[in-house]
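Just below is one structure, and these are the notes that go with it.
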Amino acid sequence: MTEHEASVDASVISDDPDWWRQAAVYQIYPRSFADSDGDGIGDLRGITSRVPYLRELGVDAVWLSPFYPSALADGGYDVDDYRDVDPRLGTLDDFDEMVAALHRAGIRIITDIVPNHSSNRHEWFREALAAGPGSPERDRYVFRDGHGPHLDQPPSDWESMFGGSAWEPTDDGQFYLHLFAPEQPDFNWHHPDVRADFLKTLRFWSDRGVDGFRVDVAHALAKDLSHPLPTHAELEATRLVTDGSHPLWDREELDEIYAEWRAVFNEYDPPRIAVAEAWVAPSRRHRYAAETSLGQAFNFDLLRDDFDAGDFRRTIADNLVFARESGSSNTWVFSNHDVVRHATRYGLPDDQGQDGAVGRAWVLSGGQTPPLDRDRGVRRARAATLLMLALPGCAYLYQGEELGLHEVAEIPDDARQDPTFFRSPGVDRGRDGCRVPLPWVADAPAFGFGPADASYLPQPEWFREHAVDVEASDPDSTLSLYRRALALRRELQAAETLTWAEHGDDPEVLAFDRPGGWRVVTNFRPRPVPMPAGDVLVASGPLDEASDSPGARELPGETTVWLRVAPSVD
Ligand code: GLC
């Protein structure tokens, strides 16, 4: 028995088919989580070695971003082989050991599936290039003849999501479509081989014990590329149409594709789950979340809101309705591997908004302007997260947020990895700042990320104070808050309902009750407000320091509290 096996108990995951409805899911970006072999890149054995940490954190599941063989043109979202492990990250045996260790610790695993595009090193794409125009091999992707007298003009003026043309020339007069990087050719989902191969991939990982899938750009697979192709401006103008008529996004044919996937999920007991990454109009989310489809869909609305009581209330209320419509549970998320960390967004000036745009502007300025109030950002992030963890539904957390990490702006250009940086020079510094390897041990090389002296993306000196060993021994740290809140959440989560409560009639204070006498109150004001009645279960910040009138109880500014109150009689 290895040391690791001895350190976990024999608990196994339950066979509850509804386990996902109110789970806390922790996203691992594998290259940046923990490095076991000293090459400066995180790997699967590194994850296995940290299973005790995950168990102590109290999450129900992990979601792993891609770990497949890849040239890393887009951080692994350019997949060479969907049914293997990148040798730098380990082997299929390492994968099996990791799954077993997670399951023994009672933690489920969701893997990322990338169906819109493969990498340009995928066997099928290499065959397509070799076989030439008009061949059946080309038909698995989207190839079109070039325009103009020399066939050197792209078929349309479409721009890729990462900047530049969405069409890449081949050397035989054709172009292929890539909605993302040129190294990510889009599949043709009308092709039966493509459809069959993904069913095979879903079974491959399900058979290895994977509990579910996060589906990358789930709204893009079906496309109408009939002629004449619309212009880029036309595509953009109709991007969020809600009738399924957009040529690229959110088309009706997706229902058919995901119905086939659903049939595969339901071959397993309990059925495998899936969550759609679909940046669609909120009113269309239910299509992906339906139980005949993927079953759950990310809701990025909170992530885009400012730290504002009115915005939060509207988003929560709307999404409770959407969940009822789809029969799925709610999903909530503030941070992931694609966006500026929420501690940083919330530390930027109020008058500039705290959504992605201002966060990216801050990264672009090298962390100089607009000015970042680090303490305020973390204070608000803790308040927002404690609110989120009390909402009915599934909470998605991103590695490092439990340490209160800020975005890293100070990454030298020659260390950057993200294609958005390379394809939009000077305009977007990319997403590397939220992907910097985690600090585990304050006084160790690479802050304990692994045995090497440095990690593949450089860690800033200020990571030291956020190292796991520092935060684990501090009862007031963000890590301690997450641990306490996640443990309590497990005890308290019951029916997926919420009742709004009043706090005086202060519009800047959000209050709601969950079944069983659990009240949640967030003060969005910077100033304290009177403390609501009830026994404090957990608070996102110190409760005693903001009071300037001794004896009077106050809820400090930008703080959330969970209270035990007498259950209401429904
Ligand atoms: C998704 C991923 C993102 C990736 C893109 C292309 O949005 O979250 O990281 O770059 O898809 O696969």
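Ellipsoid semi-axes for the chain, based on the Cα gyration tensor and the rule √(5λ), read 39, 26, 25 Å when sorted largest first. Per-residue ellipticity at 222 nm, computed for the chain from helices alone with -39500 (n - 2.57) per DSSP H run of at least four residues, works out to -7500 deg cm²/dmol.
Among 98, 248, 315, whose Cα lies farthest out toward the positive end of the dipole of the chain, if unit charges sit on the beta carbon of Lys, Arg (+1) and Asp, Glu (-1)? Farthest along the dipole direction, towards plus: 315. Hydrophobic long helices, here whole DSSP H runs in the chain with Kyte-Doolittle means of at least -1.0 and Cα atoms spread over 24 Å or more along the helix axis, are found at 309-326. In this structure, the amide hydrogen of residue 27, modeled 1.01 Å from its nitrogen in the peptide plane, lies closer than 5 angstrom to those of 63, 397, 398, 399, counting only residues at least 5 positions away or on a different chain.
The peptide list 448-458, 330-340, put in order of mean Cβ contacts within 10 Å with the highest first, becomes 330-340, 448-458.
Considered as an equivalent ellipsoid built on the Cα gyration tensor, region 1-125 has semi-axes of 26, 18, 12 Å, the largest given first.
Share of the chain's accessible area from carbon and sulfur, percent, 1.4 Å? Solvent-exposed carbon and sulfur of the chain make up 51 percent of the total.
Across q = 0.22, 0.26, 0.27 Å⁻¹, region 123-177 modelled as identical point scatterers on its alpha-carbon atoms has Debye log10 I(q)/I(0) values of -0.81, -1.01, -1.05, in the order of the q list. For the chain, a simple Cβ point-charge model (Lys and Arg +1, Asp and Glu -1, everything else neutral) yields a dipole of about 1000 debye relative to the Cα centre.
Counting only protein chain heavy atoms and rolling a 1.4 Å probe, the accessible areas of 112, 305 rank, largest first, as 305, 112.
Within the assembled protein chains, the solvent-accessible surface assigned to residue 306 is about 40 Å², based on a 1.4 Å probe.
Taking only the Cα atoms of region 237-340, the radius of gyration and Dmax are 14.6, 44 Å. What the Cα atoms of region 497-564 give is an Rg and a Dmax of 11.4, 37 Å. The Rg/Rh ratio of region 337-429, with Rg taken over Cα atoms and Rh as the Kirkwood radius over Cα pairs, comes to 0.99. Averaging Cα coordinates gives a centre for region 19-66 and one for region 280-324; these two points are 26 Å apart. Within the shell of other residues whose beta carbon sits under 11 angstrom from the beta carbon of residue 162, the net charge comes to -3, with Lys and Arg scored +1 and Asp and Glu -1. A dipole drawn for the chain from +1 and -1 charges on Cβ atoms has a positive end, and of 463, 87, 149 the residue lying farthest that way is 463. Among the protein heavy atoms, those of residue 325 account for about 110 Å² of accessible surface (1.4 Å probe, every chain in place). Solvent exposure of region 497-564, expressed per residue, is 46 Å² of accessible area, with all protein chains present and a 1.4 angstrom probe. Could you give the nm distance between label points at residue 37 and residue 375, where each point is 7 Å from its Cα heading toward the beta carbon? Inter-label distance under the simple model: 4.5 nm.
Projecting the Cα atoms of 562, 109, 283 onto the charge dipole of the chain, computed from C-beta unit charges around the Cα centre, puts 562 farthest toward the positive end.
Computed over region 411-508, the P(r) tail beyond 20 angstrom holds 61 percent of alpha carbon pairs. For region 123-177, the solvent-accessible area works out to 51 Å² per residue, with a probe of 1.4 Å and every protein chain left in place. The GluC sites (Glu not before Pro) of region 217-297 meeting both criteria, a DSSP state outside H, G, I, E and B (loop) and at most 14 other C-beta atoms within 10 angstrom of the site's C-beta, are 252, 253, 267, 291.
The values are calculated or read from the model by the stated rules, or taken from the named source; none is laboratory data. Just so it is clear, the model here is predicted, and its values are computed rather than measured. No Cβ is skipped: glycine too gets one built from the backbone with ideal geometry, and neighbour counts run over all protein chains shown. Calculation scope for accessible area: heavy atoms of the full protein, side chains included, ligands and nucleic acids excluded. Shrake-Rupley method; radii C 1.70, N 1.55, O 1.52, S 1.80 Å.
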